[in-house]
1. Accessible area of Asp534, 1.4 Å probe, to the nearest 10 Å²?
2. For the stretch 781-866, what class follows from the C-alpha gyration tensor (a ≥ b ≥ c being the square roots of its eigenvalues): rounded when a/c is under 1.5, otherwise prolate if a/b is larger than b/c, else oblate?
3. Give a quick list of GluC sites (Glu not before Pro) in the stretch 653-730 that DSSP marks as loop, anything other than H, G, I, E or B, with at most 10 other Cβ atoms within 10 Å.
4. Two decimals is fine: what is log10 I(q)/I(0) at q = 0.10, 0.13, 0.16 Å⁻¹ for the stretch 170-294, from a Debye sum with one equal scatterer on every Cα and no solvent?
5. With the cut-off at 1.5 for a/c, could you classify the stretch 302-358 from its C-alpha gyration tensor as rounded, prolate or oblate?
6. Evaluate the relative contact order of the stretch 1-126 (contact order divided by residue number), counting alpha-carbon pairs under 8 angstrom at least 6 apart; express in whole percent.
7. Rounded if a/c is under 1.5, else prolate if a/b is larger than b/c, else oblate: which is the stretch 162-220, with a ≥ b ≥ c the root eigenvalues of its Cα gyration tensor?
8. How large is the Rg to Rh ratio of the stretch 189-237 when both quantities use alpha carbon positions and Rh follows Kirkwood?
Amino acid sequence: MAEIKMDAKLFQERIGHFANAWKSDKRAGNSIFHDVSSIVITMGKMEEVQEYHKNNSMHYWLLGYEFPTTLMVLTTETLYIVTTAKKAKHLQPLKGGRFPIEVLIRSKDAEANKALFVKVAEAIKSAGPKVGVLTKDTSKGPFMDEWKEVYADVCKDIQEADISLALSQAAFAVKDETELRAMRASSKACSALMNPYFLDEMQGIIDADKKVKHSDIGDKVDKKLDDLKWWKSVKLPGGQKLPSNFDPSQLDWTIGPVVQSGGKFDLRMPENNNDILHPGVIIAALGLKYKSYCGTIGRTFLVDPNKSQESMYKLLHTVHNLVLKEIRDGAVAKDVYARAMGLIKSKKPDMERHFLKNVGYGIGIETKDNTLILNGKNSRVLKDGMTLCIATGFNDIENPQPQDSHSKKYSLVIMDTVRVTTGEPVVFTGDIPTDADANFFFFKDEEEAQPTPKKEKKDSRVGAVATKNITNTRLRSERTTQVDDETEKRRRVHQRELADKKQREGMARYAEATGDQSNGEVKTFKKFDSYKRDNQIPSKCRDMSIVVDSKNHTVIVPVMGRPIPFHINTIKNASKSDEGEWSFLRINFLSPGQGVGRKDDQPFEDPSAHFVRSLTFRAQDGSRYQEISNQISNMKKEATKKEQEKKDMEDVVEQDKLVEIRNRRPQVLDNIFIRPALEGKRVAGKVEIHQNGIRYQSPLSTHQRVDILFSNIRHLFFQPCQHELIVIIHVHLKDPIIVGNKKKTKDVQFYREATDITFDETGNRKRKYRYGDEDEFEAEQEERRRRADLDKLFKAFAEKIAEAGRNENIEVDMPLRDLGFNGVPFRSNVYIQPTTECLIQLTEPPFMVLTIEDIEIAHLERVQFGLKNFDLVFVFKDFGRAPYHVNTIPVESLEDVKEWLDSSDIAFTEGPLNLNWPTIMKTVTADPHQFFADGGWSFLNSGSDDEEDGDEDDEESAFEISESELEEASESSEEGSDFDSNASDDEGSEEDDESEGEDWDELEKKAKKRDHEGGPEEEEERSRTKKPRRR
């Protein structure tokens, strides 16, 4: 108990809150505390198998720790604690606060100990005729026997009342911000163990048809609790990681892990049996506590379910969602249960007898709050800040089409940990989906198209968006019609819905103030040791000269007749200067308050200490000082380079070994080049498909190869060679890998050039006897045929890769070229194309792969009249990730880009200016809760939709011009008007060399601009001569 640190401030806050609730109940009629005058909380000897009840929960809630063999007696004015001397030592910091506490110390003297108990019993007796106790308290041991003997003698006339409900309502049920964070962390940890870990293990066992016991699977999940490396790298299905300050060492089990299958189901979640995992209905549940606060998750996975089982699960999913909708501040527990039963009666009345007797219970510092069970009898009212485990399920359902004797009966359950709010509840375990698509697995009939787990159902509009929006003209001025009003209206309504949805999701994700959520690196103070022992210092320091020890990254300088080593990381720079016959060497050190940039900024152990900022030495040997200055500069560069390389390698995950196919020849695609290229000569290699991944092998050396595991593949693309010079199979990875000895990469590409000079027949004998274009036509036909064969070959190989990696849900995605547009994501202008799940550019490195589900919102910049280009910015759901910019998109693609964003359910906004995104994201990550509370992304809209709708007619009529004005504008253009200059700030002063005259739209634009420059008087005069245009 040496490491115990009591939080006196938190103790005073909580006991003061509890005492105030107690006093308020006395004034309101004693409906909760039952008019008790004192409360007794006893803790006996620590149990071998620890159980969580109200008594030890009170210890955790008040003190932060559990104190065995301790008695607490609480009145509205004082807290008495009887405990041993060792425990009393830790309780001393709690004294002296607003609420008085008296610690009575036990000793080895039995009579003195009895006198302490008598004193406390007399305090109970004098407080009043009624005492609150925990009637279900099972504390045991000699300490308890002594107390019960004294209590029975002194307090025999005192009436007892159960205080369980009062402890729940006044202490445990409604959580503060600190408790909610711990609840969220424990729930996220449960989610990570369920998916990806347990789900991947289960799929592997079933797919390989292994015979594994439930207990063995549970033990494997149990051991993962101590794998600190796994906890740091694990990602939830949504892609987000656990909080940076998450401490896995504070996790402990409260439920399971429980695995059930094969017809033997018990939804009370007992310990695992030794039965073999049966592919059918599989129930998995687990509960963890983090910093004493519990989270629970439970899921049912159906392997090759029949129609009846599918129907039952979908019914349960509907009931579960209904219960979640009913959970809100002010709801009554029995009403929530009644709504669930009502839905079952209306849809399938015969399932009423199979439904569980409750739909959840309170959870938090207790694994289960028995006073907060959501059943048909409990009239407890839910309050904002409560946390619940919502558990809906059906027990012992008859299977009309059993596969075997183990499938005759089955059960279903869904369990989630939620927080009650004034609106929809926050589902802490909501990262793990509960819908049928994510929990149905089909292994037997591979040809039957089934929705894959882990992937959301795609909107049917994606992909068909937009053949109707693709035009054959390049310029808007050449189109016969502008944007359809109905399409624009529909898009605007849909965007408003998406914006509202994003706002709700943001408020749900950051339901309480969470502080700084940025994923930026938290810099910590680092200590550097130049030498461990004195004998490691170079011997040439004895002559008191300056020594640069490159081996130990140290500069040794003489100070006051002693050699003093300085590690290179403490040195900022070194410089040499000359004055007359003397040369000066100045060494500057890092110290607080230098005003350096953010890259050089670093914390110090004690910023208020005295620091040496610089040392200056002088000598007449200038060449020697120049050499030392160069050595220090080179060593500093080398240290900075190594630090940067180490930082770059932090997120590189070491892959498992590739399992090669030994019993047969692997499937191969030959004559393939790879990007990023390997070292050495550029030579075509081959790609092989093995058991758990693919391998690129160079013919130059067996060591020149790249292994990619299926488990690390996030996206697999095939891009045909139509309109391109190469045909591509592109792999986008979940975690970066190292290719050769070069930098890390998350994109690996295999390609072959589509053109080949060996097929060029120019100058051969056939040309002597054939004139005209017949041979050129043949060559074009041959070129098209070869390209088609290449596309067919690469597409088939990509599908084989997807088939081999089907356990990792790998699918081949192809770009939709008709929906593409030009833009500049890096430095060069490239053609960007959407796919079903991404927005990509694979032709020219650096490659661009943006996953649609990672995008929070898109913003169109520089959308204003007169500019030829606009910019597109993507903000990601991971706010710590920098926004992605695609610049200089032609304005002709504006409507197509908007339509694609809308059809992909990406909320977007637009504005006339470029925004300072680093500043914006810094504001967002500083306090996401406050950001969404202030309206979230609504600030990006330049004006409200209502204003746009209302002013649309006025704007159009204001820009109408008469025929005389049109002629005048035409004449002015011929005379070289100033309006001929381009307004775009991106295109500069480039002009189109078109031989044809300006069209009507160009003239109309000039007239509009002239109207603006004419001033309000001229505009008013013109408006009198115009007729309003009918729409």
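The values are calculated or read from the model by the stated rules, or taken from the named source; none is laboratory data. A quick note: this is a predicted structure, and the numbers were derived from the prediction, not measured. Here the Cβ is made from the backbone with ideal geometry for all residues, glycine too, and neighbour counts use every protein chain on show. Please note that ligands, DNA and RNA were not included when accessible areas were found on the heavy atoms of the full protein model with its side chains. Shrake-Rupley method; radii C 1.70, N 1.55, O 1.52, S 1.80 Å.
1. Looks like 130 Å² after rounding.
2. On the way: a/c = 2.73, a/b = 1.43, b/c = 1.91.
Cα axes put the stretch 781-866 in the oblate bin.
3. Working: sites: Glu654, Glu660, Glu679, Glu688, Glu724; in loops: Glu654, Glu660, Glu679, Glu724.
Counting only loop positions with at most 10 other Cβ atoms within 10 Å, the GluC sites (Glu not before Pro) in the stretch 653-730 are Glu654.
4. Each listed q corresponds, in turn, to -0.34, -0.56, -0.81.
5. Details: a/c = 2.81, a/b = 1.86, b/c = 1.51.
In terms of gyration-tensor shape, prolate.
6. Values: 148 pairs, mean separation 31.8, N = 126.
Here the relative contact order equals 25 percent.
7. Details: a/c = 5.73, a/b = 2.52, b/c = 2.27.
In terms of gyration-tensor shape, prolate.
8. Details: Rg = 11.2 Å, Rh = 11.4 Å.
So for the stretch 189-237, dividing Rg by the Kirkwood Rh gives 0.98.
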